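The values are calculated or read from the model by the stated rules, or taken from the named source; none is laboratory data. In this text the structure is predicted, and so the values were computed from the model without any measurement. Ideal geometry is used to build each Cβ from the backbone, glycine not excepted, and the neighbour counts take in all protein chains shown. The accessibility values were calculated without ligands, DNA or RNA, using every heavy atom of the protein model including side chains. Shrake-Rupley method; radii C 1.70, N 1.55, O 1.52, S 1.80 Å.
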Amino acid sequence: MHASKLIFPPNFVFGVATAAYQVEGNIENDWSQWERSQSLRHFAGAGVDHWNRYEDDYQLARDVGAGAFRISLEWARIEPERGRFDEGMLEAYRSRLLAMRAAGLNPVVTLHHFTHPKWFHTETPWHTPESVAAFRAYARACTSVLRGLDALVLTFNEPVVLMLGGYVRGVIPPGIADPNLALPALANMARAHVAAREELHLAIGPVPVGTSQNMLSFAADRSWHPLDHALVRLTDAAYNHAFLEALCTGTLRVRMPGLFSTHTEIANGRNSLDFVGVNYYTRAHLRFVPRKPFFEFHYRDPLRRGLTDIGWEQYPEGFEQTLQAVRRYGLPIWVTENGIDDRRGDRRSAYLYTHWQALLGALASGVDVRGYLYWSLLDNFEWLEGWGPRFGLYHVDFDTLERTPTPACDYFRDTALSRVLKPPPPSRPRVETEAVPREVEGAPGTVTG
Ligand code: IFM
């Protein structure tokens, strides 16, 4: 292997990612309301008490050589009633971020990671224009948290996943299953990004503002079938690129024949991204079927690498292809999520190795990737999958909340500090729970089930 494919650039940033509702604990928002109203089997409840243990968790991140830490601000904590901003909460988030900086971690801050205040879906839902003003006001309030912190800011995490889960399948809040409202909702999220960026730039200067895009590698389920290939092209454009393109060109273009299509102007959307956040996990196989929604979605394991515990293919080749594809935007790229759910804790280092190889391949061919944030620092609440999946570099005992390093912690630290990619030592299982790999059908992203 060429030397540059073994060594990370000196300024390359290794870090870890989290999101408020998945770790903080005791948040009252649209999702907690949804858990109760739908009688879901899983409740986020006390989370993993990151709210109280944040300083220890920053130290855990430092212990694995991380130089950046991604959190999200919980809108419901900051604006529990429409128009009433909780100053104490804004100060609490600010002092957390100052502590993060003091611990030697660069803050990466998401303003919106799937959840909303309880009032949002009844008063200003995403498919109405009022949503944009509501998000603008929230972002304006957040400027007092972010001032002078030199943070990277992500307006939205995975807006397309939210649109599909919340507005097409109706399995997550707001629980609407109406494709006619889905694209207006997505267009307003694009407008809300623009509005939030304007507020941030106005109040605190040219802070870099991006979004995190869930990006899947897609393959034709039947390599000989032209309609499966057509589906791959259309879905790649709609799922992976339409939102990013809207923020680069100023037009949201989506075309999924028979399902939905739009060509919508996003005022001031052109050049409204400062960097692209890529969340990459896996590959999906698409198969055309002659009835709505005209496709089936499968996770398969043709290369016999073993599906992950929740049934995703390990496909690092798709990571490199994804990074290459994002190059088209001519913007710096941050990997804002990548990781594996690994209950036994013996596959994570190998997953990291193969995905870092892919990342180095992209870097060596000139793709401008600035950093890599592992999802996640800690085992956490995985939305509709609840407490089953374990993505954490640190294992969390959900009864005692004790954090224990998985074998991948040493490997992560060695690589982050040396910047040299070496194969990991073989990992022994951390715990003896056996997970049975399976083939899974469904829709993208665990948040949609
Ligand atoms: O846990 C989620 C995260 O909230 C968004 N991206 C995918 C992760 C793993 O499913």
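Tell me which residues come under 5 Å, amide H to amide H, from Glu158 once H is placed; ignore anything under 5 positions away on its chain.
Those qualifying (amide H under 5 Å, at least 5 residues apart or on another chain) are Ser212, Gln213, Asn214.
Counting only protein heavy atoms and a 1.4 Å probe, tell me what percentage of the range 96-248's accessible area is made up of carbon and sulfur.
On the way: 2660 of 4620 Å².
Accessible surface attributable to carbon and sulfur in the range 96-248 totals 58 percent.
Which FRET efficiency value, to the nearest 0.05, is calculated for Ala177 and Thr122 with the Förster distance at 25 angstrom and r the Cβ-Cβ distance?
On the way: r = 18 Å, r/R0 = 0.70.
Taking R0 as 25 Å, the efficiency between Ala177 and Thr122 is 0.90.
How much accessible surface area, in Å² rounded to 10, belongs to the heavy atoms of Met89 with a 1.4 Å probe?
Looks like 40 Å² after rounding.
Considering only Leu352, Leu40, Leu73, give the residue with the highest GNM mean-square fluctuation for the chain, with springs between Cα atoms whenever their separation is below 10 Å.
Leu40
Give me the 1.4 Å probe accessible area per residue for the range 5-48, excluding ligands and nucleic acids, in Å². Each step should come with its number before you reach the end.
Working: 1840 Å² over 44 residues.
For the range 5-48, the per-residue accessible area is 42 Å².
Among DSSP beta bridges lying fully in the chain, give the percent that are antiparallel, nearest 5.
Details: 17 of 55 bridges.
Bridges in the chain that DSSP calls antiparallel: roughly 30 percent.
With a length cut of 30 Å (Cα positions projected on each helix's long axis) and a Kyte-Doolittle mean of at least 0.0, go through the chain and give me the DSSP H helices that pass. Can you show the working numbers first?
Values: long enough: 179-204 (37 Å, 0.44).
Going by DSSP H runs, the hits are 179-204.
Once each part is reduced to its C-alpha centroid, what is the distance from the range 241-314 to the range 1-41 in angstrom?
19
Simple spin-label model, 7 Å along Cα-to-Cβ: Ser261 to Thr400 in nm?
With each label point 7 Å from Cα toward Cβ, the separation is 6.0 nm.
Checking the a/c ratio against 1.5 first, then a/b against b/c, what shape does the Cα gyration tensor give for the chain? Numbers along the way, then the final one.
Numbers: a/c = 1.28, a/b = 1.05, b/c = 1.22.
Rounded shape, in that the Cα axes give a/c under 1.5.
For Phe156, what is the net charge nearby, where nearby means another residue's Cβ is under 12 Å from its Cβ and Lys, Arg count +1, Asp, Glu -1?
Details: positive: Arg191, Arg197; negative: Glu158.
After counting each charged neighbour, the total is +1.
I need the shape label for the range 240-396. Rule: rounded when a/c is under 1.5, else prolate if a/b > b/c, else oblate, with a, b, c from the alpha carbon gyration tensor. Let's see the in-between values first.
Numbers: a/c = 1.79, a/b = 1.28, b/c = 1.40.
Because a/c hits 1.5 or more and a/b fails to exceed b/c, the range 240-396 counts as oblate.
Quick check on the chain: helices-only [θ] at 222 nm, where DSSP H runs of length 4 and up contribute -39,500 (n - 2.57) each and the sum goes over total residues. Nearest 500, please. Before the final figure, lay out each step's value.
Numbers: 14 runs with 155 residues, N = 449.
After summing the helix terms and dividing by residue count, I get -10500 deg cm²/dmol.
Taking H as built 1.01 Å from N, whose amide H comes closer than 5 Å to the amide H of Glu382, not counting residues under 5 places away?
Under 5 Å from the amide H of Glu382 lie the amide H atoms of Trp387, Gly388, each far enough along the sequence or on another chain.
Compare Glu317, Glu55, Glu158 by solvent-accessible area with a 1.4 Å probe and give them largest first, with all protein chains kept in place. If you can, show how the numbers build up before the last one.
Working: Glu317 70, Glu55 115, Glu158 15 Å².
Sorted by accessible area, descending: Glu55, Glu317, Glu158.
Considering only Trp312, Leu252, Val232, whose Cα is most displaced toward the positive end of the charge dipole of the range 217-366, charges sitting on Cβ of Lys, Arg (+1) and Asp, Glu (-1)?
Projecting each Cα onto the dipole axis, the largest value belongs to Val232.
Using modelled backbone amide H atoms (1.01 Å from N, in-plane), which distant-in-sequence or interchain residues come within less than 5 Å of Phe69's amide H?
Placed amide hydrogens put Val16, Asn106, Val108 under 5 Å from Phe69.
Which of the peptides 77-83, 13-19 is most tightly packed, and how do the rest follow, going by the mean number of other Cβ atoms within 10 Å of each residue?
Values: 77-83: 16.4, 13-19: 25.7.
My ranking of the peptides, most packed first, is 13-19, 77-83.
With only Lys, Arg, Asp and Glu charged, each at its Cβ (+1 for the first two, -1 for the last two), find how big the charge dipole of the range 1-97 is about the Cα centre; round to the nearest 20 debye.
Details: 11 positive and 15 negative charges, 89 e Å.
That gives the range 1-97 a dipole magnitude of about 420 debye.
Rounded to a whole number, what is D in µm²/s for the range 132-217 from Stokes-Einstein with the Kirkwood radius over alpha-carbon pairs (4 °C, 1.567 mPa s)?
Numbers: Rh = 13.7 Å.
After rounding, the answer is 94 µm²/s.
Give the ranking of Lys292, Lys118 by solvent-accessible surface, highest area first, calculated with a 1.4 Å probe. Each step should come with its number before you reach the end.
Values: Lys292 140, Lys118 80 Å².
Most to least solvent-accessible, the answer reads Lys292, Lys118.
Can you find, among Pro293, Gly366, Gly345, the residue sitting farthest towards the positive end of the charge dipole of the range 271-380, where Lys and Arg contribute +1 and Asp and Glu -1 at Cβ?
So the residue we want is Pro293.
Take the solvent-accessible surface of the protein heavy atoms, probe 1.4 Å, and return the percent of it on the range 265-328 that carbon and sulfur atoms account for.
That share works out to 48 percent.
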